[in-house]
Structure formats: C-alpha cells, structure tokens
Amino acid sequence: MTKLNRWKLASVVLLLCAGMTGILQAQTFTTLVNFDITNGADPYLMSLVQGPNGNLYGTTDSGGGFAGCGPPGCGTVFEITRNGTLTQLYNFGAEGHGAYPLAGLLLAPNGKFYGTTARVGSVFEISSKGQLRTVYAFCSKPNCSDGSTPWAGLMLATDGNFYGTTAYGGSTNCAAGCGTVFKITPGGQLDTLYNFCFASNCADGYQPFAALVEGTDGNLYGTTYLGGNNSGDCFSGCGTIFKITPTGSLTTLYQFALTDGQNPDASLIQGVDGKFYGTTVKGGALGDGTVFEITSAGNLTTLYSFSGGDGMGPYAGLIQATDGNFYGTTYLGGDFSCNYDRSCGTVFKLTPAGTLTTLHVFEYADGAEPFGGLVQATDGTFYGAAYSGGNFVCDRAVDFPGCGTVYSLSVGLGPFVAFVRPYGKVGQTGGILGQGFIGTTSVSLNGIPASFTVVSDTFIKATVPVGATTGYVTVTTPSGTLTSNVPFNVLN
C-alpha cells in the first residue's frame with residue numbers, strides 16, 4: 001500500500017483518457033539519484049530547495065533505516081549536488097524528533113532549513129551539516145487543540161514569523177480535528193490563528209494539506225482539501241480557497257464544485273500579474289484535475305482540465321519560471337506502457353493563456369508518481385523528485401516497488417539570481433543565490449547600486465540601498481549580468 005492510500009481520504013481515479021499532447025523536443029531529462037531505502041525512500045509532497053552553496057535540499061518520508069517506524073524507515077533529510085551526489089543529513093526516528101517529513105524544506109535568512117514531520121507532528125530546524133532541533137511539537141495541548149499532523153511545509157512572512165497549517169487537530173467538531181492555521185516564531189512560540197470545522201454551516205472547508213503563501217497585500221492565502229458548501233458535488237465537499245490575515249481573520253474566497261475542480265492539495269503561487277495560481281487533484285471537465293487562476297477577490301478561472309494522456313492528478317503546485325510560463329507535475333497520466341498497465345506521471349508546461357505542453361512522461365525506470373513539484377534552480381534547470389520508480393526495488397508491497405528518484409529537466413532557460421527572502425527594508429542585508437559570483441563588480445536594486453559582499457561563488461550578501469524601490473535585482477559578474485527571477489519587494 002502506498003503512502004497515498006495510507007494517508008489520503010479520497011480514492012484516486014486510475015482510468016486514463018485519450019488525448020496525449022505533443023512532447024517538447026528541445027530538452028534534456030536526467031535521473032540524478034535512485035533511492036535505495038538506506039539513503040532514503042519515497043520523496044512525497046516535496047519540492048527541492050536551493051541552498052547558499054548551490055546544492056539542493058529535500059526530504060524523503062520513508063527510508064533511512066530506523067526500524068522504529070517499520071520498514072523502510074522514518075524518513076530523511078538529504079543534500080544533493082547538481083550532478084547527483086547525494087548526502088544524507090539526517091535520519092528521523094531514533095532521536096524523537098518526529099517522523100515522516102512529507103513536505104519540503106524552507107531556507108531561512110539564518111542559513112538554516114525549516115520543515116515539518118507528519119508523525120509525532122513537529123516543526124524542526126536543521127543546518128546544512130545535519131544538526132537538527134525540534135522547534136515545536138504538536139499535540140502539546142489537551143486534545144491536540146494546537147493542531148496535529150502538519151502535512152505541509154512552512155512559509156516565512158514579512159513579519160519574520162513562520163506560518164503553516166495542520167491537517168488535523170484543533171478545537172472543532174471533527175473526530176480527530178479538522179485542521180488549523182498557525183503562526184510560530186523562530187523561537188518556537190506557537191499561536192493557533194484559525195480552527196477549521198466540519199458542519200453544514202462551515203463553508204470555510206477543512207483539512208488544509210497545503211502550505212500558505214503570502215500575497216503582496218500582506219494577507220495569507222491557502223486551500224483546504226475538503227469542505228465547502230458543495231457537498232452534493234463531492235463527498236465531504238470539493239475543497240476551498242481562503243484568505244487569512246496574520247491575525248487570524250479568515251475569508252472563504254472560493255468553494256469548488258467538481259466541474260471546476262476537486263480537492264486542491266497544493267499551495268498557491270502568486271504570479272507576476274498579481275493573480276494566484278494552483279491545481280486540483282480531481283474534478284474539471286474530465287475529472288482528472290485542473291489548473292486554475294484566482295484573483296484576491298475570489299474570481300476563479302479554470303485554465304486547463306487534464307484528460308489522462310496529458311496527465312492526471314496534479315498533487316503539486318505550480319512554479320512560474322523565468323520564461324513567464326508555469327511548470328508542474330501530475331502524479332499519474334502519460335501512457336499505459338509504464339508499468340503494470342498503469343501510468344507513471346508527467347512534467348508539463350502551461351502558458352498563462354492555458355496552452356499545455358507535456359515535457360516528460362515518466363516510464364518507471366526514471367521515476368514514477370511525482371507527487372512533489374519542481375524548483376527552477378538558478379542555473380535555469382528544473383529539478384524534482386518522483387515518489388516511486390527507479391532502478392532499485394524496495395522491499396515492500398506497493399503499486400510501484402521502486403524507492404523513488406531525483407531528476408533534472410533542462411529546457412534551455414538561462415541562469416538568473418534568486419533571493420533567500422524576496423523582501424526587506426532599507427538598510428537590511430539579505431542573501432542572493434546564484435552562480436559565478438567570484439569577481440562580481442556590482443549589485444543593483446531597480447537601478448540603485450547596493451553594497452555587497454561575495455561570500456562564495458554561489459552566494460552574495462547585499463544591503464537594501466537608500467532610495468531603492470521595489471524592482472528586479474541585477475548582478476554583474478565576469479561572465480555577464482544576471483537578473484532576478486522575481487522583483488525584490490522594498491518594505492516601508
């Protein structure tokens with residue numbers, strides 16, 4: 001039984017439909033790592049994150065070898081170079097810091113990574129050397145009123161605090177709790193901002209499996225997997241999109257109704273146009289999931305409905321790449337030749353106008369069931385992980401017996417620079433991620449020169465200059481000028 005069947009509430013449609021789109025030819029797909037239980041297994045709802053050293057960091061929700069969780073282990077944190085050298089930083093289970101890290105990591109300005117574990121739910125901090133501490137352990141209050149089972153990762157807001165969700169727990173009328181939204185300080189003080197509920201008068205939805213995103217208006221935006229008032233369309237409701245203030249005032253922006261989507265499992269992103277974009281696992285015109293856009297006022301448009309051959313079941317969210325297009329994954333779909341008469345999933349590109357191109361169809365040997373999303377590293381290449389598949393057979397009974405893979409996909413996009421934190425006040429110092437920084441001669445924010453220090457070939461510290469306004473950052477290196485993928489927001 002896969003992790004999906006052990007955890008998820010809803011069944012997944014397995015029937016593929018016809019209509020496979022064309023495959024983009026100018027691309028290079030590479031399998032970088034095959035997990036083998038000892039070095040991890042089953043990277044689940046996880047997107048990789050780039051560190052200051054240019055390497056990528058992630059989690060597996062099984063593997064590592066600790067027997068306390070049963071085979072194949074309680075999960076790991078790992079580091080991987082761009083050429084595929086993997087280092088296991090931490091094995092969960094033995095030291096009591098939780099187990100099953102389902103989501104990915106967040107890089108904070110202090111250079112450390114923050115994440116969550118679903119079993120013995122916790123928020124943790126880990127250094128690039130593998131030193132881990134528990135920031136907060138959930139169910140610390142009676143009846144888990146502070147929440148339990150943080151399924152998603154964390155978001156660092158402009159106020160310097162972390163925000164997140166728990167899929168269960170909270171002080172409401174669900175048997176195990178309907179989930180919460182929480183705020184937690186870097187020092188570990190947790191405040192429950194909102195408790196979701198399950199009743200006919202609870203239009204706000206319940207069980208938020210996704211992380212939050214902070215909009216440019218200062219509010220937080222998220223999704224619930226179930227709930228809403230359209231329970232006639234979907235068992236237990238089709239899910240919702242909500243907006244919540246940092247003080248906990250929640251507004252339901254949208255309630256899905258099957259034809260426009262069902263079960264949003266991933267976090268939203270805010271596009272360069274100010275709209276929010278996301279996915280639903282099911283629903284849409286053919287029931288295989290959707291991509292949608294929604295305004296901050298709650299006006300939703302379905303951009304694309306999957307049809308099996310072009311993918312089905314997008315559990316992960318989207319990223320907007322440097323070419324302005326959106327990229328993502330579907331955990332099933334593609335073709336029938338993958339394995340056991342099932343499909344293994346796809347990687348896709350979607351234009352803002354809704355035109356989809358299938359970039360890669362997984363064929364089991366290179367991975368299967370990519371539940372997690374993509375990251376565009378500053379070299380322009382996309383990186384991701386597949387939950388199962390690969391060339392190592394895990395010693396367990398699952399639909400796809402491989403332990404999973406890490407892969408890269410290049411479509412010819414060029415290098416750029418990114419930020420550890422894409423906002424700051426005048427006088428504050430922040431981190432810039434990239435490559436080829438040795439010998440850098442200038443850093444500018446929206447045309448205003450900034451003072452900077454080259455820490456390494458992949459990391460610069462720069463100070464927000466006086467007179468700077470929100471805009472793109474440019475870094476002049478010996479090999480050329482690199483521009484940030486998103487604007488840097490100058491706070492008042």
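Derivation of every value follows stated rules applied to the coordinates shown; laboratory data play no part. On a predicted model such as this, the values are computed, not experimentally measured, just so you know. Virtual Cβ from ideal backbone geometry, glycine too; neighbours counted across all protein chains shown.
Below, the figures for the structure above:
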read-out: Given K112/K349; K183/K275; K129/K275, the pairs whose alpha carbons are separated by over 26 Å; value: K112/K349; K129/K275
read-out: Approximate spin-label separation T247-S479, in nm, with each point projected 7 Å along Cα-to-Cβ; value: 5.0
read-out: Compactness of the chain as Cα Rg over 2.2 N^0.38 Å, two decimals; value: 0.91
read-out: Average Cα contact separation per residue, the stretch 190-317, under 8 Å, 6 or more apart, as relative contact order %; value: 18
read-out: FRET efficiency estimate (nearest 0.05) - Cβ-Cβ, S410 to T469, R0 30 angstrom; value: 0.30
read-out: Shape of the stretch 68-149, Cα gyration tensor, a/c cut at 1.5; value: oblate
read-out: Separation in nanometres of the label points that stand 7 Å from Cα toward Cβ, at D159 and K461; value: 2.8
read-out: Paramagnetic label zone (point 7 Å from Cα along Cα-to-C-beta, I438; backbone N under 13 Å) in the stretch 460-492; value: 478-479
read-out: Under-5 Å amide H pairs with G98, H placed in peptide plane, nonlocal only; value: G93
read-out: Förster-model FRET efficiency, 56 Å R0, S140 and L286, C-beta, rounded to 0.05; value: 0.80
read-out: Least to most buried among H97, H360 (fewest other Cβ within 10 Å first); value: H97, H360
read-out: Magnitude of the charge dipole, the stretch 211-325, Cβ model with Lys/Arg +1 and Asp/Glu -1, debye to 20; value: 240
read-out: Estimated inter-spin distance, Q428 and A203, nm [label 7 Å along Cα→Cβ]; value: 3.6
read-out: Computed [θ] at 222 nm, helices only, for the chain once each DSSP H run of length n ≥ 4 contributes -39500 (n - 2.57); value: 0 deg cm²/dmol
read-out: Net +/- balance of residues flanking G414 in space, Cβ distance below 12 Å, scoring K and R +1, D and E -1; value: -2
read-out: Residues F242, F235 arranged by fewest to most Cβ contacts within 10 Å; value: F235, F242
read-out: Beta bridges per DSSP with both ends in the stretch 418-491, % antiparallel, nearest 5; value: 90
read-out: Gain on full stretching of the segment that runs from Q189 to T355 - 0.36 nm per residue minus C-alpha separation; value: 55.3 nm
read-out: Span from the the stretch 293-323 Cα centroid across to the the stretch 181-221 one, whole angstrom; value: 22
read-out: Rel. contact order, % - alpha carbon contacts under 8 angstrom, at least six apart, the stretch 418-491; value: 36
read-out: Computed E for N391/T301 - FRET, C-beta separation, R0 30 angstrom, nearest 0.05; value: 0.15
read-out: Hydrodynamic radius (Kirkwood) for the stretch 418-491, which is based on Cα pairs only, to one decimal in Å; value: 11.8
